[in-house]
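Enquirer: One structure, pasted below without further comment.
The values are calculated or read from the model by the stated rules, or taken from the named source; none is laboratory data. Remember, predicted model here, so these are calculated numbers, not experimental data. Please note: Cβ atoms are built from the backbone with ideal geometry, for glycine as well, and neighbour counts cover all protein chains shown. Remember, those area values only see protein heavy atoms, side chains included, never the ligands or the DNA or RNA. Shrake-Rupley method; radii C 1.70, N 1.55, O 1.52, S 1.80 Å.
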Amino acid sequence: MVNCNKCFKYYNAIISGNCSFCQKYGFQENILCDLTRAIHNSNEVKCFAFKPNISIVGGNKEIFEAVPNSDNDKELTERHKWLKAYAVQQLKSNPDQMICNLNFHVCLVTTNRENLLESIVGELSENFSIFQNAGDKYDSKVNLLSVDYDHIHLLINTTPVYSVDEMINNVIEHLNSGIKNEFPDLFGNKKVIFEKSYFCETIG
């Protein structure tokens, strides 16, 4: 981690020089470092400048009152029931006329921020089949935005039926397997390629 001392000690807005997406959107280097630190304890991270930088946020104690549901709601997921209740209570609109289409920018970082993708950046950018079926299990569509030596940016289109965490964890598992199968000589003995931690933001 060449920039660890700079980005953590002074928390400068350093941007990865190899990633066109990071440069275009000002995606800061310290975000990638935080993703690595979040999944390890201080003794496991190979960085002399590392110090814990995470605060605990209390749980949400807000209680949502239940609303009468129709017989058809018995076949819906708990998440979908909540959305219908929210529509009735807060939006004062007909839930049957609501269409939800969510788009997320997701960034995955390689284990320990190793340059695992350096030799296959071009091939990975052109190989859409690896990403094409990554979101099928959760009715989501996964598109590759950009590849750098130690991280990738994804655009995920999904519905609110499933939790974002559940969906993205499945995508990570799918990509770990798919990339290893596509490049067995490079990743044959490696258990995982991407860390379990990830960056996610809604973009509409």
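Enquirer: Over 27 Å between Cα atoms: which of 84/137; 137/180; 24/84 fall into that group?
Expert: 24/84
Enquirer: With θ set to phi - 60° and the Karplus curve 6.51 cos²θ - 1.76 cosθ + 1.60, what are the ³J(HN,Hα) couplings of the range 127-141 in order, to the nearest whole Hz, using x for Gly and Pro?
Expert: Whole-Hz 3J(HN,Hα) from phi for the range 127-141: 9, 6, 5, 5, 9, 4, 9, 5, x, 4, 4, 10, 6, 10, 10.
Enquirer: Using R₀ = 22 Å, calculate the FRET efficiency as 1/(1 + (r/R₀)^6) where r is the Cβ-Cβ separation of residue 79 and residue 200; round to 0.05. Show your work: numbers first, answer last.
Expert: Details: r = 17 Å, r/R0 = 0.77.
Taking R0 as 22 Å, the efficiency between residue 79 and residue 200 is 0.85.
Enquirer: Then there's this: So how much slack lies between residue 23 and residue 139, counting 0.36 nm per residue of separation and subtracting their Cα-Cα distance, in nm?
Expert: Extending this stretch completely gives an extra 38.7 nm.
Enquirer: Follow-up. Would you mind getting the accessible area per residue of the range 146-204, heavy atoms of the protein chains only, 1.4 Å probe, in Å²?
Expert: Heavy-atom accessible area per residue stands at 48 Å².
Enquirer: Classify the range 101-204 as rounded, prolate or oblate from the Cα gyration tensor: take a ≥ b ≥ c as the square roots of its eigenvalues, call it rounded if a/c is under 1.5, otherwise prolate when a/b beats b/c and oblate if not.
Expert: Values: a/c = 1.74, a/b = 1.69, b/c = 1.03.
In terms of gyration-tensor shape, prolate.
Enquirer: Output ³J(HN,Hα) for the range 164-173: one whole-Hz value per residue in order, computed from phi by the Karplus curve 6.51 cos²θ - 1.76 cosθ + 1.60 with θ = phi - 60°, and x for Gly and Pro.
Expert: Whole-Hz 3J(HN,Hα) from phi for the range 164-173: 5, 4, 4, 5, 5, 4, 5, 5, 4, 4.
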